[in-house]
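Input: a single structure, listed below in structure tokens.
The values are calculated or read from the model by the stated rules, or taken from the named source; none is laboratory data. The model shown is predicted, which means the values in this text are computed figures rather than measured ones. Note that each Cβ is placed from the backbone with ideal geometry, even for glycine, and that neighbours are counted across all protein chains shown.
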Amino acid sequence: MIIPIATAIIGSLGFGINMKIKMPHVIYVAIAGGITYYIYLIAFAAWENHFLANFVASIFVSMFAETMARVYKTPTTIFLTSGAICLIPGGRLYYAMYGIINDDEMAFIENGEIAFIIALAIASGFMAVTVLMKLLSRVIEPQKRRFRQRKMAHGHESNVHGLDSNNMTNDMKG
């Protein structure tokens, strides 16, 4: 299990460097790739289902990307694409195309079907997290706005001229 995870880390790191992701972020992307693949391996061992394993792993990497994008104020895709590169069914696509070239219909159907299922699971995981984050932002943003308005209103009442209330009362006394 160590070698596939190390390969996922190196692959995510290489893809991040190739995409010219800045150095502090590329380290996080590499770690995300390793953890994502670890989650995939654990989920596949538990369920032996390509869809569920990739769905769970893609939910993790998408949540990670959303979180890191907010922390570092960068686009989500920076963390998402490189962190999820280890889930892409490249081998299955290759063998499906190889089956077409060699007139091996069974190889094409088997590998093409699994590649499609994996791609669907990844897209579904990304979409689920994106929808959840949009719903949460609709709930959280109005609360943040109200908090800022109350804070500004409170600050405006007690600090009209840049003086705090203690200085104002002392000035009036003296």
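Can you pull out the residues in the range 14-39 that are hydrophobic (A, V, I, L, M, F, W, C) and without any contact (Cβ under 8 Å) to a residue 60 or more places away in the chain?
Start the filter on the range 14-39 by keeping residues that are hydrophobic (A, V, I, L, M, F, W, C), which leaves 15, 17, 19, 21, 23, 26-27, 29-32, 35, 39.
Within the range 14-39, Ile17, Met23, Val26, Ile27, Val29, Ala30, Ile31, Ala32, Ile35, Ile39 qualify.
Answer yes if at least one residue in the range 22-39 is part of a loop (DSSP other than H, G, I, E, B) and surrounded by fewer than 22 Cβ atoms within 10 Å (Cβ to Cβ), and no otherwise. Taking every residue of the range 22-39 in turn, at least one turns out to be part of a loop (DSSP other than H, G, I, E, B) and surrounded by fewer than 22 Cβ atoms within 10 Å (Cβ to Cβ). For the range 40-49, the set of residues classified as touching a residue at least 24 places away in the same chain (Cβ under 8 Å) and surrounded by fewer than 21 Cβ atoms within 10 Å (Cβ to Cβ) consists of Leu41 only.
Among the conditions (1) at pLDDT 95 or above; (2) under 23 Å from the mean Cα position of the chain (by Cα); (3) not hydrophobic (A, V, I, L, M, F, W, C), the only one that Asn102 does not satisfy is (2).
Kindly indicate which of Ile100, Ile78 is surrounded by fewer than 18 Cβ atoms within 10 Å (Cβ to Cβ) and either among the hydrophobic types (A, V, I, L, M, F, W, C) or more than 30 Å from Ile27 (Cβ to Cβ) (or both). Show your work before the answer.
Details: Ile78 fails: surrounded by fewer than 18 Cβ atoms within 10 Å (Cβ to Cβ).
Matching residue, one of Ile100, Ile78: Ile100.
Yes/no matrix, rows are residues, columns are (1) surrounded by 10 or more Cβ atoms within 10 Å (Cβ to Cβ); (2) outside any helix (DSSP H, G or I); (3) in contact (Cβ under 8 Å) with a residue 12 or more places away in the chain; (4) out of contact with any His (no Cβ under 8 Å at 6 or more places or on another chain):
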{"residue": "Thr74", "(1), (2), (3), (4)": "yes, yes, yes, no"}
{"residue": "Leu93", "(1), (2), (3), (4)": "yes, no, yes, yes"}
{"residue": "Met106", "(1), (2), (3), (4)": "no, no, no, yes"}
{"residue": "Ile118", "(1), (2), (3), (4)": "yes, no, yes, no"}
{"residue": "Gly125", "(1), (2), (3), (4)": "yes, no, yes, yes"}
{"residue": "Thr130", "(1), (2), (3), (4)": "yes, no, yes, yes"}
{"residue": "Met133", "(1), (2), (3), (4)": "yes, no, yes, yes"}
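Hey, can you tell me all the residues within the range 36-60 that are farther than 17 Å from Thr76 by Cα and either among the aromatic types (Phe, Trp, Tyr) or touching a Phe, Trp or Tyr at 6+ places or on another chain (Cβ under 7 Å) (or both)? If the condition is that a residue be farther than 17 Å from Thr76 by Cα and either among the aromatic types (Phe, Trp, Tyr) or touching a Phe, Trp or Tyr at 6+ places or on another chain (Cβ under 7 Å) (or both), then Tyr37, Tyr38, Ile39, Tyr40, Phe44, Trp47, Phe51, Ala53, Asn54, Phe55 are the ones that fit.
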